[in-house]
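**Q** Can you read through this structure? Questions will come right after.
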Amino acid sequence: MTYWSVSSQVLKEEAEILGLEVEILVPEKNLFLVKWNGKEVLFKSTDFGVNNSLWLKIANDKELTYNLLQRYNLPIAKTLYIHENEFDTFDWTALKDFHFPIVIKPTDEDHGNGVCMNITSLPELQTKLQSAFIDYTKMIIQEQISGDECRVLVVLWEALVALKRVPPRVIGDGKSTIHELIDQENANNPLRQQNYSAPLSLIREDDELISFIEKQDYKPDSIVPQGIIVQLRGNSNLGTGGTIEDITNLIHKDTKNICIQAAEKMGLGICGIDMLSSDFSKPLSETGGVILEFNATPGLGGDRELTSVNTGREILKRIFKI
C-alpha cells in the first residue's frame, strides 16, 4: 500500500478509544505499533504477525487456495483453469459437466478486479476469456453459485463477525438514467470515496456493469421507473460499489465451524473467508454453498458506520485480552 488505509485508521482510532498507545512508524506503508500493559504488537494494516508466511502466499493465489480447500474436503465450486497460451488448443469439452452461468476470475487478483459473472454460453465464455487475457495470463473458470455473498472474519480461531455483502444497486425515480443515478449515489453518499479511502467505494461504471444491466434489458441511458431497484453487477465486492449487512447472529454454527477449520488448516490467525449461499441460516451442505476465497489481510472499513459491529475494537480486545 502507498497510503494510510481505512483499516489502519480504524485500528488506530479504536486502540486510542480503548486507552492503548499507538505509535505510527511508516504511515505510507501502514506500519504501526500498539502497546498496552507491557505488550507490544506490530501491525501492517490488519496483519499483526499471526499468519503463517507460506499460507499467506497461498491465500493470495486463488488457484493454490482452491487446490488446498479441495484437498481438505472444504466446499468450492466446480473449477477449471486456463492459461492464455492454451486458449487455441483448449479442450472445451472439459466443460460438458458444467452448468451455466459461469464466472471467470484471475488467479491472483483481489477487490473484484478481473471478475466476470453471469456468462451464459460457451461463445460468450470464449469472448470474455479472450478479453481477460489482455490483462491476465491465467484465468479460473467456475460454475456460478447463486445466492448471497458473506465474509466471515476469523480472529485467533474465533468466527468474530459475519457480514453479508450486498451488490451495488440504484433505485429509480422515474426521470433519471442509470448513469445519472450512479453519479448521484457516488456524489451524495458521504461514505463513498475512491480507492478504499472511505468505508464504501465508488460504484464503478465499467464494461462488466454494462454487460450485467444489459442482461436485464437496461442500458446506462435507460430511465428507471419510480421505486424500481436495479442491481448493477453480479459481484458484491466493496471495491466495486457493494455494501454490507451484519448477519453474525443468523449464520449457521456449522458454517462458522467450517470457517474456523479452514483458517486452522491454512494457518491464518486472522482472515476474511468469503462464501456464497442461498440461505446462511442453514448449513452449506444443505444449500450447496461454497467458499469463494481467503483474505489474509481483510479490510475493516464500513462495519462501524453500517452495522452494530465494531470489528476493529473486537480484534484489539482479543489480541490484548482486554
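**Q** Working out 0.36 nm times the residue gap between Q261 and F87, then minus their Cα-Cα distance, what length gain in nm do you get to one decimal?
**A** Working it through step by step, the gained length comes to 59.0 nm.
**Q** If you don't mind, another one. If you average the sequence gap of Cα pairs under 8 Å that are 6 or more apart and divide by the length of the range 20-117, what percent do you get for the contact order?
**A** 15 percent
**Q** Normalised by the number of residues in the range 78-144, what is the relative contact order in percent for Cα pairs under 8 Å and 6+ residues apart?
**A** Once divided by the residue count of the range 78-144, the mean separation gives 51 percent.
**Q** Please give the helix 6-17 orientation as an angle from the longest Cα principal axis of the chain, in degrees from 0 to 90, rounded to the nearest 10.
**A** 30 degrees
**Q** Just want the answer: with Cβ charges of +1 for Lys and Arg and -1 for Asp and Glu, which residue in V152, P168, G288 is farthest toward the dipole's positive end in the chain?
**A** Of the options given, the answer is V152.
**Q** Here is a further query. FRET efficiency for Y3 and D279, Cβ-Cβ distance as r, R0 = 35 Å, nearest 0.05?
**A** The value I calculate is 0.35.
**Q** OK, next. With runs of 4+ DSSP H residues as the only contributors, calculate the mean residue ellipticity of the chain at 222 nm using -39,500 (n - 2.57) per run, divided by the residue total and rounded to the nearest 500.
**A** Theoretical 222 nm ellipticity from helices: -8000 deg cm²/dmol.
**Q** Antiparallel as a % of all DSSP beta bridges within the chain, to the nearest 5?
**A** Given both bridge residues lie in the chain, the antiparallel proportion sits at roughly 95 percent.
**Q** Could you point to the residue in T311, I82, P27 farthest towards the positive end of the chain's charge dipole, with +1 and -1 charges on the Cβ of Lys/Arg and Asp/Glu respectively?
**A** The Cα lying farthest towards the positive end belongs to T311.
**Q** Using the Karplus curve 6.51 cos²θ - 1.76 cosθ + 1.60 with θ = phi - 60°, what ³J(HN,Hα) values do you get for each residue of the range 263-274, in whole Hz, with x for Gly and Pro?
**A** Each residue of the range 263-274 in turn: 4, 5, 4, 8, x, 10, x, 9, 6, x, 9, 8 Hz.
**Q** Return the aspartates and glutamates within reach of K175: Cα separation strictly under 18 angstrom, same-chain partners fewer than 8 residues apart disregarded; answer none if there are no such residues.
**A** Those aspartates and glutamates meeting the cut-off are D183, E185, D217, D221.
**Q** Helix 62-71 versus the longest principal axis of the chain: what is the Cα-based angle in degrees, 0 to 90, to the nearest 10?
**A** 80 degrees
**Q** I need the phi-derived Karplus couplings for the range 84-97: 6.51 cos²θ - 1.76 cosθ + 1.60, θ = phi - 60°, integer Hz, Gly and Pro marked x.
**A** Each residue of the range 84-97 in turn: 4, 7, 9, 4, 5, 10, 5, 7, 5, 5, 4, 8, 4, 8 Hz.
**Q** To make sure I understand, if each residue's beta carbon is the centre and we count other beta carbons within 10 Å, what order do L153, L68 fall in, fewest to most?
**A** Lowest count first: L68, L153.
**Q** Moving to a separate point now. For K35, which lysines qualify as cross-link partners when the Cα separation must be under 17 Å and same-chain residues fewer than eight apart are set aside?
**A** Reachable lysines: K12, K44, K317, K321.
**Q** Provide the FRET efficiency to the nearest 0.05 for the I24-N113 pair, computing r from the beta carbons and using R0 = 35 Å.
**A** According to the calculation, E is roughly 0.75.
**Q** Follow-up question, since we're still on this one. Assuming R0 = 22 Å, what is the FRET efficiency of D61 and A94, from their Cβ-Cβ distance, to the nearest 0.05?
**A** According to the calculation, E is roughly 0.55.
**Q** Right, another one. Just tell me which lysines come within less than 20 Å, Cα to Cα, of K138; anything on the same chain fewer than 8 places away is out.
**A** Within the straight-line cut-off, K138 pairs with K57, K62, K78, K105, K128.
**Q** Here is a follow-up. Note the full-extension length gain between D246 and V50 as 0.36 nm times their separation in residues minus their Cα-Cα distance, in nm to one decimal.
**A** 68.0 nm
**Q** Between S308 and H179, what is the spin-label point distance in nm, taking each point 7 Å from the Cα along the Cα→C-beta axis?
**A** Distance between label points: 4.3 nm.
**Q** Take the alpha-carbon centre of the range 286-322, take the same for the range 73-146, and report the distance between them in whole Å.
**A** The range 286-322 and the range 73-146 have Cα centres separated by 29 Å.
**Q** Of the residues K62, K29, K12, which exhibits the maximal mean-square fluctuation in a Gaussian network model of the chain defined by a 10 Å Cα contact cut-off?
**A** Residue with maximal mean-square fluctuation among K62, K29, K12: K29.
**Q** Now for a separate question. Which whole-Hz ³J(HN,Hα) couplings does the range 275-280 yield from phi under the Karplus relation 6.51 cos²θ - 1.76 cosθ + 1.60, θ = phi - 60°, glycine and proline marked x?
**A** Values per residue, Gly and Pro as x: 9, 10, 7, 7, 7, 6 Hz.
**Q** Find the centroid of the Cα atoms in the range 1-40 and in the range 228-261, then give the distance between the two in whole Å.
**A** 27 Å
**Q** Here's a follow-up. With the cut-off at 1.5 for a/c, could you classify the range 122-176 from its C-alpha gyration tensor as rounded, prolate or oblate?
**A** Judged from the Cα gyration tensor, the range 122-176 comes out oblate (a/c at least 1.5, b/c at or above a/b).
**Q** Once the chain is represented by equal point scatterers at the alpha-carbon sites, with solvent omitted, what log10 I(q)/I(0) does the Debye formula produce at q = 0.15 Å⁻¹?
**A** Summing over Cα pairs of the chain leads to -1.33.
**Q** Also, quick follow-up: For helix 122-132, report the angle its Cα long axis makes with the longest principal axis of the Cα atoms of the chain; keep it between 0 and 90° and round to the nearest 10°.
**A** For helix 122-132, the angle is close to 50 degrees.
**Q** Now for a different question. Averaging sequence separations of C-alpha pairs under 8 Å and six or more residues apart, then dividing by the length of the chain, give the relative contact order as a whole percent.
**A** With pairs under 8 Å counted, the relative contact order is 22 percent.
No value in this document is a laboratory result; all are computed from the given coordinates. Being a predicted model, the structure only gives us computed values, none of them experimental. Note: ideal-geometry Cβ built from the backbone for every residue, glycine included; neighbour counts use all protein chains shown.
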